[in-house]
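Colleague: Here it is: the structure, laid out below.
What follows draws every value from the coordinates through simple rules; no lab data is involved. Source: prediction; values computed, not measured. Here Cβ is always computed from backbone atoms with ideal geometry, including for glycine, and neighbour counts include all displayed protein chains.
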């Protein structure tokens with residue numbers, strides 16, 4: 001697979017990924033604009049802007065027109081907002097590439113931000129926020145992020161708060177769009193069967209204004225004592241997320257940390273899945289994962305636990321955190337490597353996932369690795385490297401714990417964390 005990355009005259013970047021034998025094509029606009037670029041007054045504007053991109057342009061005046069055109073192409077079009085980026089994508093049969101890229105480009109480059117549509121969409125956003133908060137298995141993530149990234153915009157909820165989104169007007173959107181949807185902050189990725197691409201990527205990218213680059217965020221302060229956030233709710237099980245600050249995307253230990261997370265709770269044979277679910281029946285869902293951002297990251301375990309057994313579950317998780325650096329085995333590491341490579345292969349068979357992976361790499365590292373190169377990096381990780389990253393990260397003073405459950409106070413959890 002030959003990946004071609006071309007920097008345009010206006011400093012936007014075009015990524016072409018030909019996939020031999022593909023019958024489909026995916027187009028992604030990847031923009032360096034996420035909730036981290038917000039503040040307490042406009043929290044939620046990145047996510048709300050994503051919604052507004054589908055409400056109409058001069059050429060396609062409303063959401064119905066947009067939906068009908070996408071459906072008429074047999075295309076799937078959607079978008080997502082994260083903490084450091086927002087992306088828009090369309091996937092279609094390869095013969096529809098010219099029409100698909102025209103549709104998606106029009107939405108991203110020419111949305112009207114109509115005041116009437118903004119007012120209507122506020123209700124949709126508010127209901128989305130309520131939906132997240134009503135579901136403790138989703139809300140626990142926002143609680144945890146607010147704790148681990150306390151006093152930083154990384155800790156702001158991606159969807160925003162009801163009180164902020166209700167204040168937005170058209171100027172809020174146009175100001176935000178002009179600041180962040182600029183050429184230096186935008187990648188256009190086209191992956192799959194590219195026979196009908198014929199310079200279309202350059203054509204649409206040339207319409208972007210050069211604008212300004214996003215300044216580097218202020219460094220996050222180092223954590224030196226355990227932290228806890230607790231929310232009392234009358235629910236049938238406890239929801240918890242516990243972990244430690246991790247490492248950034250360009251840290252050479254990234255693959256070792258990912259393998260460590262798989263050993264701990266990343267699949268059905270992992271330690272915590274076997275211990276909490278299979279051996280003790282304390283949880284239905286339990287998983288450990290690592291996240292890597294531009295200058296930060298985290299390693300966390302999430303679980304829904306029988307409410308009377310939450311203390312036992314936490315002690316078991318902490319026991320594994322404390323001991324894994326000493327007792328992880330070559331067999332566990334080998335199994336984790338094969339699992340990681342297998343999941344990667346399955347994921348990259350989807351052309352949209354392939355395109356998004358390349359965009360993410362380009363954003364964080366300035367370059368790209370294809371799947372074979374990533375697998376080589378995975379295979380190079382040694383047992384000692386995994387042990388060392390566990391020793392480096394799993395420090396009791398750096399623990400963070402978020403709990404939602406039917407408990408009168410947080411004393412039990414204070415004791416577990418030794419606060």
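Colleague: Work out, step by step, the length gained on full extension between residue 415 and residue 341: first 0.36 nm times the residue separation, then minus their alpha carbon distance; give nm to one decimal.
Modeller: Values: separation 74, 0.36 × 74 = 26.64 nm, distance 3.97 nm.
Net length gain for the segment: 22.7 nm.
Colleague: Moving to a separate point now. Taking Cα centroids, how far is region 108-139 from region 286-303 in Å?
Modeller: Here the two parts' Cα centres lie 26 Å apart.
Colleague: What shape does region 309-388 have by the C-alpha gyration tensor, where a ≥ b ≥ c are the square roots of the eigenvalues, rounded means a/c under 1.5, and otherwise prolate means a/b greater than b/c and oblate the rest?
Modeller: Details: a/c = 2.34, a/b = 1.82, b/c = 1.28.
Cα axes put region 309-388 in the prolate bin.
Colleague: Moving on. Based on alpha-carbon positions alone, could you give the equivalent ellipsoid semi-axes of region 380-419 from the gyration tensor, as √(5λ), descending, whole Å?
Modeller: Output for region 380-419: semi-axes of 32, 11, 6 Å.
Colleague: Compute the helix-to-body angle for 310-327: its Cα long axis versus the longest principal axis of the chain, expressed 0 to 90° and rounded to tens.
Modeller: Helix 310-327 and the main axis of the chain meet at about 90 degrees.
Colleague: Now a separate question. If a/c stays under 1.5 just call it rounded; otherwise compare a/b with b/c (prolate if a/b is bigger, oblate if not). Do that for region 1-84, with a ≥ b ≥ c from the square roots of the Cα gyration tensor eigenvalues.
Modeller: Values: a/c = 2.12, a/b = 1.18, b/c = 1.80.
Oblate.
Colleague: Now for a different question. Whole number please: convex hull volume per residue of the Cα set in region 85-135, in Å³?
Modeller: Numbers: hull volume 6.5 nm³, N = 51.
Considering the Cα atoms of region 85-135, their hull volume per residue is 127 Å³.
Colleague: Could you order the peptides 399-410, 294-305 from most to least packed, using the average number of other C-beta atoms within 10 Å per residue?
Modeller: Numbers: 399-410: 19.4, 294-305: 22.4.
Highest mean packing first, the order is 294-305, 399-410.
Colleague: Let me ask something additional. So which residue, out of 100, 92, 345, gets the largest mean-square fluctuation from a GNM of the chain using Cα contacts under 10 Å as springs?
Modeller: 345
Colleague: Evaluate the relative contact order of region 110-178 (contact order divided by residue number), counting alpha-carbon pairs under 8 angstrom at least 6 apart; express in whole percent.
Modeller: About 41 percent, as a whole number.
Colleague: Using 0.36 nm per residue, how much length does the chain from residue 285 to residue 116 gain when fully extended, once their Cα-Cα distance is taken away?
Modeller: Taking residue 285 through residue 116 to full extension adds about 56.6 nm, to one decimal.
Colleague: Compute the Rg to Rh ratio over region 4-205 from the alpha carbon atoms, using the Kirkwood formula for Rh, and round to two decimal places. Spell out each step's value before the answer.
Modeller: Numbers: Rg = 17.6 Å, Rh = 17.8 Å.
Taking Rg over the Kirkwood Rh, I get 0.99.
Colleague: To continue, here is another question. How would you classify region 235-324 from its alpha-carbon gyration tensor, with a ≥ b ≥ c the square roots of the eigenvalues: rounded for a/c under 1.5, else prolate if a/b is greater than b/c, otherwise oblate?
Modeller: Details: a/c = 2.44, a/b = 1.85, b/c = 1.32.
In terms of gyration-tensor shape, prolate.
Colleague: Which FRET efficiency value, to the nearest 0.05, is calculated for residue 212 and residue 63 with the Förster distance at 45 angstrom and r the Cβ-Cβ distance?
Modeller: Working from the Cβ atoms, E equals 0.90.
Colleague: Helix 351-365 against the longest principal axis of the chain: what's the angle in degrees, Cα atoms only, rounded to the nearest 10?
Modeller: 80
Colleague: Would you mind calculating the relative contact order of the chain from Cα pairs under 8 angstrom and at least 6 residues apart, reporting the percent as a whole number? Don't jump to the answer; show the numbers that get you there.
Modeller: Numbers: 782 pairs, mean separation 89.1, N = 419.
This gives 21 percent for the chain.
Colleague: Under a 10 Å cutoff between Cα atoms, tell me which one of 175, 185, 43 has the largest fluctuation in the Gaussian network model of the chain.
Modeller: Result for the chain, Cα springs under 10 Å: 175 fluctuates most.
Colleague: Now for a separate question. Mean residue ellipticity at 222 nm from the helices of the chain, using -39,500 (n - 2.57) per DSSP H segment of n ≥ 4 over the full residue count, to the nearest 500 deg cm²/dmol?
Modeller: Calculated from helices alone, the mean residue ellipticity at 222 nm is -13000 deg cm²/dmol.
Colleague: For helix 330-348, what angle does its Cα long axis make with the longest principal axis of the chain, in degrees from 0 to 90 and rounded to 10?
Modeller: 20
Colleague: How large is log10 of I(q)/I(0) for the chain at q = 0.08, 0.14 Å⁻¹ when the intensity is taken from the Debye formula with one equal scatterer per alpha-carbon?
Modeller: Here log10 of I(q) over I(0) equals -0.49, -1.35.
Colleague: With contacts defined as alpha carbon pairs under 8 Å and 6 or more residues apart, what's the relative contact order of region 4-205 in percent? Mind showing how you got there, number by number?
Modeller: Numbers: 367 pairs, mean separation 81.0, N = 202.
Relative contact order, region 4-205: 40 percent.
Colleague: Where the centroid of each part is defined by its Cα atoms, how far is region 1-52 from region 203-245 in Å?
Modeller: The two parts, judged by their Cα centres, are 19 Å apart.
Colleague: If you restrict to DSSP beta bridges whose two residues both lie in the chain, what percentage is antiparallel, to the nearest 5? Display every interim value, and only then the final one.
Modeller: On the way: 48 of 60 bridges.
If I count the DSSP bridges inside the chain, around 80 percent turn out antiparallel.
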